[in-house]
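Take a look at the structure below.
The values are calculated or read from the model by the stated rules, or taken from the named source; none is laboratory data. Predicted model only: the values in this text are computed from it and were never measured. FYI the Cβ positions are ideal-geometry reconstructions off the backbone, even for glycines, and counts take in every protein chain you see.
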Amino acid sequence: MKILLVNPNTYRVPPVPPIGIEHVAGAVEEAGHEAEIVDLCFSDSPLGDIDAAVAAFGPDIAGVSVRNIDTVLFQTNEFFLDGIRDIVRHLRERHNLCVIVGGAGVAVDPGGVVEYLGADYGVAGPAEGAINELLDDIARKGVAKRVRYRSYRYDLRCPRKTEKTDYARYLREGGIGGFDTHKGCSSSCVYCIEANTRVSFKPVDDVLAELRSLADRGCSSFHLCDSEFNEDLDHAIEFCGALKRRGPSIDWALYMKPANYNRKLFRAMKDSGVSLITLTVDSWKKCPLYWSDVEKIVFSAKSCGLKIMVDFLCGFPYEDEETLCFYLDLFRRTQPDGVGINTYIRLYRGLPITDIIFRDEALKKNLIGYRGDGGLVMPVFYNQLSSERLSELIAGESIFRIEGLEKGVNYSRRAVPGSAGKTGLPECSAESAGHGEER
Ligand code: SF4
């Protein structure tokens, strides 16, 4: 079969290489199919470029990636699905192609997103692990289910096809490379779609081979696409050691959670080229030990010469201002390089925080964007603390930054004190309500 893979992501602050599509291209070619990629990131005429690719390649089927539904942040929110729906419709109606959608944005609400886009099929979970089965079923006309769910599994070796991505252009326009060491997260944050997802680690040698191939293509700076790097302390330390000994020399940035750390990890990260850590912190019902971990991580990172920023999600139901002030004081004391604060919580179907809010009529008054029909594909936020009030509380201190007031990402702001935010990372991690970011 010939499959045309379309990257419809034209978000360029910064531009994000289509890593998910590179994996899917590798997977289908391994199975003997042919793949062609149409990357619309820098396109002046997306539908025209699709027409040209269809004419030249003659695909049997099309795949469209959905990296994110929207930018996740409230103030500068951009909703992406309408543009993607136009592309799906064009492929189906103009070219009579069956369209499969996949990517982190689909996993957020598989049924809702596939329906909204009008696609024929959707894959929730890593499409590289499901695409060949789905293609076989379609060829046999045996597909019953519109949405196929797939867990992460790295026993399936999947080479990543990077040759068709114009990395020179991405790098020129401010993008950087992306890679992952594992999928899934064992934590249980109530606001995050990654919570309690199956964790599988990629063989370290495979990751190093990917990095070497991207280094050959000019990438020297990377952002890790793992939800949080320190899912497993031993694995994180082992990876850093292997990268230092056998990998290319790179500069990289990563996310971590307040768990699974020690001094050895921070030293290993520093030795392997890590230049920026973004620590994911939230204020939902945490015990004192959690805050103690936050402090220790900030101190350890700084003492090892690592820059560390915090993405802080707060303003949860039943939380008062006094509690928030306590946390702000903690950050004033520990002095990370920056704290991006988000008080607008993006709600998704099936999340515990969504259920908590929808069960309480008083809380529902704080919903923004809700139309009363249960739909959460279009952005709905919970907010009980306005940006204006937050501005008063942080009193113009340079360490703090209100998330969402401007576009950008931590790695492109790293030289700017008091900046943080997780918008626009290399494609491969799931969209998350939790961090107030688009990963
Ligand atoms: S917010 Fe981070 S630590 Fe929490 S579940 Fe999501 S990915 Fe895991």
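Some observations on this one:
- Selection status of Lys302, among the charged types (D, E, K, R) and either surrounded by 15 or more Cβ atoms within 10 Å (Cβ to Cβ) or in contact with a helix residue (DSSP H, G or I) (Cβ under 7 Å, 6 or more places away or on another chain) (or both): yes
- Residue match in region 251-264 (condition: in the same structural domain as Asn230 (by TED's automatic domain parsing), aromatic (Phe, Trp, Tyr) and in contact with a Cys (Cβ under 8 Å, 6 or more places away or on another chain)): no
- Residues (surrounded by 15 or more Cβ atoms within 10 Å (Cβ to Cβ), modelled with pLDDT of 90 or more and either within 16 Å of the ligand (Cβ to nearest atom) or among the hydrophobic types (A, V, I, L, M, F, W, C) (or both)) located in region 149-177: Leu171, Ile176
- Pairs, first under 16 Å from Pro15 (Cβ atoms) in region 40-52, second modelled with pLDDT under 95 and among the basic types (Lys, Arg), C-beta under 9 Å, six or more apart: Cys41/Arg12; Phe42/Arg12
- Scanning region 52-93 for residues being small (Gly, Ala, Ser), closer than 17 Å to Ile21 by Cα and outside any helix (DSSP H, G or I) gives a total of 3.
- Checked against (1) in contact with a Pro (Cβ under 9 Å, 6 or more places away or on another chain); (2) part of a helix (DSSP H, G or I), Ile308 passes all but condition (2).
- Flag for Gly122 being part of a helix (DSSP H, G or I) and under 19 Å from the mean Cα position of the chain (by Cα): no
- Subset of region 188-207 that is small (Gly, Ala, Ser) and surrounded by fewer than 19 Cβ atoms within 10 Å (Cβ to Cβ) - its residue that is nearest to the ligand (Cβ to nearest atom): Ser188
- Only one of Tyr290, Tyr255 that is surrounded by fewer than 22 Cβ atoms within 10 Å (Cβ to Cβ), aromatic (Phe, Trp, Tyr) and under 30 Å from Leu385 (Cβ atoms): Tyr290
- Any chance Asp49 is farther than 15 Å from Leu4 by Cα, of a type outside the set (Lys, Arg) and part of a helix (DSSP H, G or I): no
- Unique residue being away from the ligand (no atom under 12 Å from the Cβ), of a type outside the set (Ser, Thr, Tyr), within 21 Å of the chain's Cα centre (by Cα) and at pLDDT 95 or above when the list is Leu233, Leu224: Leu224
- For first residues located in region 227-252 and at negative phi, partners that are within 16 Å of the ligand (Cβ to nearest atom) and among the polar types (S, T, N, Q) and lie 6+ apart or on another chain with Cβ distances below 6 Å form the pairs Ser227/Ser429; Asn230/Asn260; Leu233/Asn260; Ala236/Asn230; Phe239/Thr181.
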